[in-house]
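Accompanying notes for the structure given below.
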Amino acid sequence: MKRPVLALALLAGVALAATTNLSVIVNGQVAPDAAIVVNGKTYVPLSALNLLGVKTNVKGSTLTLGSTPAAPGAPAPGGANQKVAVEGCIGDTLFNGIWRMTVKKVEPIGPDVGLGPGWGVSVELRNGTQTPTNLQDTGLISTDLVMPDGNTFVFEERTAEEPYVYKKVGQAGGIIYTLRFHVQDSRALAASVPRPTKLVIQLDPKRLTAGYLKTGTVAYTTPNPSFRVRLDCTR
């Protein structure tokens, strides 16, 4: 199925003249669809907007960009775990100006010492800057696995040597790491732990190390660089 394209001329039923296709690169990532130029006007595919974190929805003859405002007093969409973030699905490569992050797979894992079963999330992190760095120095707040009921499992590094948090990744280098999230009850059965719905990696640009803030050698290209990956869709 072709993705919908933001082209008002199409919606209005205007016949297209000769068109020119343009490749689209968003924050260093190639969008899956080309932009087109019609009569001197450039139309950008919705897939490019999605890479920028802009939500899109086509219903009937109406295209909605961004979130629909909630009614006064209504809870925020997604509940307490809703975060403004760079968002995608399993298999998407998301980029926030520093990190390229891809969730490779999600699979059940068995119990650990003193802990019950849970889920393992395989994550690839690649450094998109020219400076070796790690998640800790680039403002990592937390890594949360969100369950269907809205509760979260929080990934906690066990030692200061935790590779996911502290390992320095060189320019264009990367690491693949399996994040392990367990229930606290060691008697729990695997069948009682439902499949998670989201992985949220919270990053605060204000927590970049002082050297990065001063020199600007490492900087986010979006004010909300956190990653939110839906684990119920795959591309």
Condition first: more than 16 Å from the chain's Cα centre (by Cα) and either hydrophobic (A, V, I, L, M, F, W, C) or not in a strand (DSSP E or B) (or both). Now tell me which residues in the range 36-65 satisfy that. I36, V37, V38, N39, G40, V44, L46, V58, G60, S61, L63, L65
Does D185 count as acidic (D, E) and more than 30 Å from G114 (Cβ to Cβ)? no
Give the range 199-209 a look and list any residue that's buried (at least 19 other Cβ atoms within 10 Å of the Cβ) and within 22 Å of G91 (Cα to Cα), or say none. L199, V200, I201, L203
Can you find, within the range 210-221, the residue that is surrounded by the most Cβ atoms within 10 Å (Cβ to Cβ) among those that are within 12 Å of I98 (Cβ to Cβ) and β-branched (V, I, T)? V218
Considering residues of the range 34-62 that are surrounded by fewer than 16 Cβ atoms within 10 Å (Cβ to Cβ) and among the hydrophobic types (A, V, I, L, M, F, W, C) only, the residue modelled with the highest pLDDT: V37
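Counting only residues that are among the hydroxyl-bearing types (S, T, Y) and touching a residue at least 40 places away in the same chain (Cβ under 8 Å), which one in the range 155-193 is farthest from D232 (Cα to Cα)? Steps first, answer last, please.
Residues of the range 155-193 among the hydroxyl-bearing types (S, T, Y): 159, 164, 166, 177-178, 186, 192.
Next, from what is left, pick out any that are touching a residue at least 40 places away in the same chain (Cβ under 8 Å): 164, 177-178, 186.
Working: Y164: 23, Y177: 20, T178: 18, S186: 26 Å.
My answer is S186.
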Among the residues of the range 222-235, write down those that are surrounded by fewer than 12 Cβ atoms within 10 Å (Cβ to Cβ) and farther than 18 Å from V146 by Cα. P223, R235
Counting only strands (runs of 3 or more DSSP E) entirely within the range 86-154, those with at least 2 residues that are within 20 Å of D232 (Cα to Cα) and in contact with a Phe, Trp or Tyr (Cβ under 7 Å, 6 or more places away or on another chain) are 99-109, 118-127, 138-146
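How many residues does the range 206-230 hold that are assigned to a strand (DSSP E or B) and either in the same structural domain as V26 (by TED's automatic domain parsing) or out of contact with any strand residue (DSSP E or B) (no Cβ under 6 Å at 6 or more places or on another chain) (or both)? So that I can check it myself, show each step before the final result.
Taking the range 206-230 and keeping what is assigned to a strand (DSSP E or B), we get 206-208, 227-230.
Cutting the leftovers down to either in the same structural domain as V26 (by TED's automatic domain parsing) or out of contact with any strand residue (DSSP E or B) (no Cβ under 6 Å at 6 or more places or on another chain) (or both) gives us 206.
Adding up the residues that qualify gives 1.
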For the range 181-198, which residues satisfy the criterion of being buried (at least 16 other Cβ atoms within 10 Å of the Cβ) and not hydrophobic (A, V, I, L, M, F, W, C)? H182, P196, T197, K198
Over the range 186-205, the set of residues within 22 Å of Y164 (Cα to Cα) and assigned to a loop (DSSP other than H, G, I, E, B) is P196, T197
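The values are calculated or read from the model by the stated rules, or taken from the named source; none is laboratory data. It should be emphasised that the depicted structure is a prediction, and the values quoted were computed from it without experimental measurement. A quick note on method: Cβ atoms are made from the backbone with ideal geometry, for glycine too, and the neighbour counts reach across all protein chains shown.
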